[in-house]
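A single structure is presented below for examination.
The values are calculated or read from the model by the stated rules, or taken from the named source; none is laboratory data. Please read all numbers here as calculations on a predicted model, not as lab measurements. Cβ coordinates were reconstructed from backbone atoms using ideal geometry, including for glycine residues, and neighbour counts include every protein chain displayed. SASA here: full protein model, heavy atoms, side chains in, ligands and nucleic acids out. Shrake-Rupley method; radii C 1.70, N 1.55, O 1.52, S 1.80 Å.
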Number of protein chains: 2
Amino acid sequence: MASGQGRVLELAVLGSLHETPLHGYELRKRLNALLGMFRAFSYGSLYPCLRSLLAQGLIAEEQPAPTTIVGGRSKIVYKLTAEGKERLQELLTQAGPSAWEDESFGVHFAFFRHTEAEVRLRILEGRRSRLEERLDSVRTALARTRERLDSYTLELQRHGLESVEREVRWLNELIATERRASQEPEQETTSTDE
Amino acid sequence: MASGQGRVLELAVLGSLHETPLHGYELRKRLNALLGMFRAFSYGSLYPCLRSLLAQGLIAEEQPAPTTIVGGRSKIVYKLTAEGKERLQELLTQAGPSAWEDESFGVHFAFFRHTEAEVRLRILEGRRSRLEERLDSVRTALARTRERLDSYTLELQRHGLESVEREVRWLNELIATERRASQEPEQETTSTDE
DNA sequence: GCGTCGATGTATCGCGCCGATACATCCTGA
DNA sequence: TCAGGATGTATCGGCGCGATACATCGACGC
């Protein structure tokens, strides 16, 4: 497949490094603090990702003042290159399934600050329809079920349905807010900052 | 690793086949109807899993009346063997991290009907403390954050926190119900526990 | 001074499982 | 009549998690 379809990590790393240079260990901490509620980043994917990004020239090692280093303490600080910033912008522009699936939506959302309003809206709507389609399929499957389910299965269904419905409602609010915000500034063509 | 640590699929397949014999396609539909809100089972893992279970003798192919088959229509129906039932019981007895992690908890819960009350309780409590520990780490990381976060990041945190808190509350209710149910047969000690 | 324990730090390996894809048959409807 | 959709089995690439292995550091007790 065309490179970089499912790489959630690439966006996560590039996005984090955009704020400030970091080394692997702290990068992971940041990421888990930011998205720990949704997913858990691990070294097993982080370091290979950093290596790959380094090889692509999207990030670079940053040397601290070498005089202060005494014991040759290894601590590799990475920073975004110009190409990396470009790539990040490119990733932030993409509004496709790779943006609104379970694993990736949170990451994309976390960097919405750097995303264009139009793209934000399309991602939010994409996620919403993804969830609604899931609700549909589960509901119809449930309705077609002949045998009566035990109470645990039922409770699991109920809880799952409720969770997803709740997220849909959350998305509805976000979408409404986005729409409102994009129409409010009649005068002035909005700030195309950075 | 000792075999069968992370295999959520094994339990899912064995558990489903315990109800009634099924073939791959329908097995997947069942599973996705049952757990589609939490995860999506795919053929890419289902068929290899079936093959593995078959090789282990935990499931077996079931022949329909061969006279009615005309065109050599392939439709491989699997059923649980005696060993399979044993293995299923074994899996249902295990209350460990492999039971209360995100991907596996739903599957274990879905078959709680066949699980001992004590094991059910331990899994529910394990899941709860898993979530609380996650809440803790994210909350403290958030509190330690110096820089002020943008509104999107904040909203993501808020939503994530709320979702997890909600699940904890759900678990609390379930645990209370389990406790009540296990004490009902005795005269009540008016337990003011916790 | 000495041991140990936890946090910091980089790195790799196995492999479970997903998504996409291919291919074949059956049924339904325009 | 034939296209399209549901049914059905199967494989391949590869992402990313969990476990693990090291190494250094500061803090603590003793």
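How much accessible surface area, in Å² rounded to 10, belongs to the heavy atoms of B:Glu132 with a 1.4 Å probe?
80 Å²
For segment A:151-156, what does the Karplus curve 6.51 cos²θ - 1.76 cosθ + 1.60, with θ = phi - 60°, yield as ³J(HN,Hα) per residue in whole Hz, taken in order and with x for Gly and Pro?
5, 5, 4, 4, 5, 5
Per residue, how much accessible surface does chain B expose to a 1.4 Å probe? Answer in Å², no decimals.
Ligands and nucleic acids excluded, the result is 58 Å² per residue.
So, one more: Got a sec to turn the phi values of segment B:27-35 into Karplus ³J(HN,Hα) couplings, 6.51 cos²θ - 1.76 cosθ + 1.60 with θ = phi - 60°, whole Hz, x for Gly and Pro?
4, 5, 4, 3, 4, 6, 6, 6, 10
Can you tell me the orientation of helix A:8-19 relative to chain A, as the angle in degrees between its alpha-carbon axis and the longest Cα principal axis, to the nearest 10?
50 degrees
Something else now. Using a 1.4 angstrom probe on the protein heavy atoms only, could you order B:Trp170, A:Trp100 from most to least accessible area?
Greatest to least solvent exposure: A:Trp100, B:Trp170.
Run through the other copies and list how far each one's label point is from that of A:Tyr47, in nm with one decimal, shortest first; the point sits 7 Å from Cα along Cα-Cβ.
Output for A:Tyr47: 3.6 nm, nearest copy listed first.
HN-Hα J couplings of segment B:98-111 from phi, Karplus 6.51/-1.76/1.60, θ = phi - 60°, integer Hz, Gly and Pro as x?
Working through the residues one at a time gives 5, 9, 10, 6, 3, 6, 9, 4, x, 5, 4, 4, 4, 10 Hz.
Quick one: order B:Arg122, A:Arg130 from most to least accessible surface, probe 1.4 Å. Don't skip to the answer; put the middle values down first.
Working: B:Arg122 110, A:Arg130 55 Å².
Result, largest first: B:Arg122, A:Arg130.
Let me have the 222 nm mean residue ellipticity of the protein assembly as shown computed from DSSP H runs of 4+ only, each contributing -39500 (n - 2.57), with the sum over all residues rounded to the nearest 500. Mind dumping the intermediate values first?
Working: 16 runs with 246 residues, N = 388.
Taken over the protein assembly as shown, the calculation gives -21000 deg cm²/dmol.
Can I ask one more? Subtracting the Cα-Cα distance from 0.36 nm times the residue separation, let me have the gained length for A:Glu83 to A:Arg166 in nm, one decimal.
26.0 nm
Next question, about the same structure. About its Cα centre, how strong a charge dipole does segment B:76-194 have in debye, to the nearest 20, once Lys and Arg get +1 and Asp and Glu get -1 at the Cβ?
340 debye
Counting just the Cα atoms, what span does the protein assembly as shown cover along each of its three principal axes? Round to the nearest Å and put the largest first.
On the principal axes, the protein assembly as shown reaches 74, 66, 60 Å in Cα extent.
Let me ask something additional. So what's segment A:83-138 giving for Rg/Rh, alpha carbon basis, Kirkwood Rh from the mean inverse pair distance? Kindly include the intermediate steps, with their values, before the conclusion.
Details: Rg = 12.0 Å, Rh = 11.6 Å.
On the Cα set of segment A:83-138, Rg over Rh gives 1.04.
Stokes-Einstein at 37 °C, 0.692 mPa s, Kirkwood radius from Cα pairs: D for chain B in µm² s⁻¹?
Here the translational diffusion coefficient equals 168 µm²/s.
Now for a separate question. Nothing charged except the Cβ atoms of Lys and Arg (+1) and of Asp and Glu (-1): what's the magnitude of the dipole of segment B:104-160 about its Cα centre? Round to the nearest 20 debye.
Using Cβ point charges on Lys, Arg, Asp and Glu, segment B:104-160 gives about 20 debye.
Mind putting a number on the dipole of segment B:120-190 about its Cα centre? Charges go on the C-beta only, +1 for Lys and Arg and -1 for Asp and Glu, and I need it in Debye to the nearest 20. Intermediate values should be presented prior to the final figure.
Working: 15 positive and 15 negative charges, 59 e Å.
Charge dipole, segment B:120-190, about its Cα centre: 280 debye, nearest 20.
Simple spin-label model, 7 Å along Cα-to-Cβ: A:Ala40 to B:Leu142 in nm?
1.9 nm
So what is the relative contact order for chain A, in percent, with contacts set as C-alpha pairs under 8 Å and at least six apart?
Taking the mean separation of contacting Cα pairs over the length of chain A, I get 20 percent.
At 1.4 Å probe size, put A:Tyr152, A:Tyr43, B:Tyr47 in order of accessible surface, largest to smallest.
Ranking A:Tyr152, A:Tyr43, B:Tyr47 by accessible area, largest first, yields B:Tyr47, A:Tyr43, A:Tyr152.
Report the full-extension gain for the segment A:Thr93 to A:Gln56: residue separation times 0.36 nm, less the Cα-Cα distance, to one decimal in nm.
11.3 nm
Quick one: with all protein chains in place, what share of the accessible area of chain B is carbon or sulfur, to the nearest percent (1.4 Å probe)?
After summing per-atom areas, the C and S share lands at 51 percent.
Continuing with this model, one more query. So how exposed is B:Phe111, as accessible area in Å² (1.4 Å probe, rounded to 10)?
That residue has around 10 Å² of solvent-accessible surface.
Shifting gears a bit: If I ignore ligands, DNA and RNA and count only protein heavy atoms, how much of A:His114 is accessible to a 1.4 Å probe, in Å² to the nearest 10?
Roughly 30 Å² of A:His114 is accessible to a 1.4 Å probe.
Can you give the mean number of other chain Cβ atoms that lie within 10 Å of the Cβ atoms in peptide B:154-164?
The shielding value for this peptide is 5.
Could you state the principal axis extents of the C-alpha atoms in segment B:8-61, from the largest down, to the nearest angstrom?
Sorted from largest, the Cα extents of segment B:8-61 read 31, 22, 17 Å.
Here's a follow-up. Taking the radius of gyration and the Kirkwood hydrodynamic radius from Cα positions alone, what is the Rg/Rh ratio for segment A:116-183, to two decimal places?
Answer for segment A:116-183: 1.15.
Using r as the Cβ-Cβ distance of B:Ser182 and A:Leu149, and R0 as 25 Å, what FRET efficiency do you calculate, to the nearest 0.05?
0.65
OK, next. Ballpark to the nearest 100 Å², how much total accessible area do A and B bury together, probe 1.4 Å?
Accessible area lost upon association: around 3300 Å².
Taking the label point 7 Å from Cα in the Cβ direction, how far apart in nm is A:Glu83 from each other copy of itself, listed shortest first?
Distances to the matching label points in the other copies: 5.4 nm.
Placing +1 on the Cβ of each Lys and Arg and -1 on the Cβ of each Asp and Glu in the protein assembly as shown, which of A:Val119, B:Trp170, B:Gly24 has its Cα farthest towards the positive end of the resulting dipole?
Going by the Cα projections, it comes out as B:Gly24.
Amide H of A:Glu62 versus every other amide H placed in the peptide plane: which residues, excluding those fewer than 5 positions away on the same chain, fall under 5 Å?
Excluding prolines and chain starts, which carry no amide H, the hits are A:Val77, A:Tyr78, A:Lys79.
Please give the residues from segment A:28-55 for which the solvent-accessible area of heavy atoms, probe 1.4 Å, is smaller by at least 10 Å² with all protein chains in place than with the chain isolated.
Those are A:Arg30, A:Ala33, A:Leu34, A:Gly36, A:Met37, A:Phe38, which lose 10 Å² or more relative to the chain on its own.
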